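Right, one structure below, let's go through it.
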Amino acid sequence: MIRIFSFLLLAALQSLLAAQTAQAQSVVLNPVLNLYSARHYQTDEALYNNFTKATGIRVQRIEAGDEALLARLRSEGANSPADIILLTDASRLWKAQSEGLFQPLQSATLERRIPVELRSRDTGKGSEWFGFSRRARMIVYDKSKISPDQLTRYEDLANPAFKGQICVRSASHPYMLSLIGAMIEHQGETATETWARGVVANLARVPRGGDTDQIKGVASGECAIALTNSYYFVRMLRSKDSSERESAQKLGIVWPNQATRGTHVNIAGGGIARFAPHRDAAVRFLEYLASDAAQSFFAEGNNEWPVVVGAALNNPELEALGTFKQDALSVERIGQAQGTAQRLIDRAGWR
């Protein structure tokens, strides 16, 4: 009986060891990356597929709005399966950082390729997030109603001469909070609040819709001036819908503040989740996003500028917008100013 029991025990141990070995081999042979992404662009599918082809690491995605993803990460806590968090605005990246949702990373590749103003500061253990694509906050205008020499700065949007002519989205949207946060950093809270009140006084309609709606508002004659992120405008220029192309083509564009600080630039970016179970895969993914191939894809696939100097655009409509002086203000400082920006626009009545 003792021999039989010993034989069965040995067999059970061998079976358990074999199962553990097979599981370990499966992890090695079938590595995965769990991606929480607020980027909801269909063109990113090819970006992730290319990463899998290059590394063998399979990307498992959860896509949702920025706030929904942050709420999910908070609720999951230390049990979160997230390896990478991708968000679409400096204010959202800063919010995630302030809530401790990222972990720091020291990467010679990322430090060499990502400009210092487009990543969070290095606290000695590395940066917590990095920008991987850029978009500018530009002004579009009706060329039949507005002379471009009237409109060279963001500050000009508060000029009483433009009363009833401006379309904007809600100032509580992160794109607007980031612009207003940058203005606070440059000129102070008091001056920025005066400007915000001037913009509100010039509105053609109650703020509503997204950036594309503001562009279409100018094209339809509902207003004469609008603010938009650059990639929405280029998306319309490249649209399969001829009416959208025609709407964009008849508008003029302004890169604001070229004689002073430069045009406000925001980013989409990301970092490694605090409790990432597959950290090595996460590092490889972030470094891949900074590669020439991935950087060019951001331009071709979603009409965003690369952050890596010299990366090819492969997007004639984006290239046709030309070059411009961009604001060198750190996007981390822009994110930090979002709370002040929100309180300011509440006081100004900019809903």
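Along the axis of the charge dipole computed for the stretch 237-351 (Cβ charges of +1 for Lys and Arg, -1 for Asp and Glu, origin at the Cα centre), the listed residues GLY339, ALA273, GLY252 are led at the positive end by GLY339.
Put a dot 7 Å past the Cα of SER170, heading toward its Cβ, do the same for ARG351, and the two dots end up 1.0 nm apart.
Take every Cα pair under 8 Å whose residues are at least 6 apart in sequence, average their separation, divide by the length of the stretch 181-295, and the relative contact order is 13 percent. Taking the stretch 50-84 and a reference point 7 angstrom along Cα→Cβ of VAL32, the backbone N atoms nearer than 16 Å belong to 52, 56-63, 79-84. Expressed per residue, the C-alpha convex hull volume of the stretch 215-351 stands at 174 Å³. Between ALA293 and SER75, the contour length at 0.36 nm per residue exceeds the Cα-Cα span by 75.0 nm. Backbone N atoms of the stretch 253-282 closer than 20 Å to the 7 Å Cα→Cβ label point of SER147 belong to residues 253-259.
Once the Cα-Cα distance is subtracted from the 0.36 nm per residue extended length, the LYS53 to GLN249 segment shows a gain of 66.8 nm. Which one, PHE51, TRP94, SER144, is farthest towards the positive end of the dipole of the chain when Lys and Arg carry +1 and Asp and Glu -1 on their Cβ? Looking along the dipole axis, the top candidate is TRP94.
Given their separation in residues at 0.36 nm each and the Cα-Cα distance between them, ARG343 and ALA320 gain 4.5 nm when the chain is fully extended. For the stretch 86-141, the relative contact order works out to 31 percent when only alpha carbon pairs closer than 8 Å and six or more residues apart are counted. For trypsin sites (Lys or Arg not before Pro), the sites in the stretch 213-300 that DSSP calls loop and that have at most 15 other Cβ atoms within 10 Å are ARG238, LYS240, LYS250.
Relative contact order of the chain, taken over Cα pairs closer than 8 Å and 6 or more residues apart, is 26 percent. The lysines whose alpha-carbon is closer than 25 Å to the alpha-carbon of LYS325, local same-chain residues fewer than 8 away aside, are LYS143, LYS250. Report the percentage of all Cα-Cα pairs in the stretch 272-351 whose separation exceeds 16 Å, rounded to a whole percent. Value for the stretch 272-351: 70 percent of Cα pairs lie more than 16 Å apart. Between ALA259 and ARG238, the modelled labels are 3.4 nm apart [label points 7 Å from Cα along Cα→Cβ]. Working note: Cα gyration tensor of the chain, eigenvalues times five, square-rooted, sorted largest first, giving semi-axes of 46, 21, 18 Å. Only one residue of THR228, SER330, TYR41 has its Cα farthest out toward the positive end of the dipole of the chain, where Lys and Arg carry +1 and Asp and Glu -1 on Cβ, and that residue is TYR41.
Output the 0 to 90 degree angle, nearest 10, between the alpha-carbon long axis of helix 338-348 and the longest principal axis computed from the alpha carbons of the chain. The helix 338-348 is inclined about 30 degrees to the chain. Summing Cβ point charges (Lys, Arg +1; Asp, Glu -1) relative to the Cα centre of the chain gives a dipole of roughly 340 debye. Taking Cα atoms only, the orientation of helix 174-187 departs from the longest principal axis of the chain by about 60 degrees.
In this simple spin-label approximation, ALA312 and ALA108 carry label points 7 Å from Cα along the Cα→Cβ vector, and these lie 2.7 nm apart. Computed from Cα positions, the angle between helix 279-289 and the longest principal axis of the chain comes to roughly 40 degrees.
Bear in mind these aren't lab numbers, they're just calculated from the coordinates by the rules spelled out. Since this is a predicted model, take the numbers as computed values, not measurements. Neighbour counts run over all protein chains shown; Cβ positions are idealised from the backbone, glycine included.
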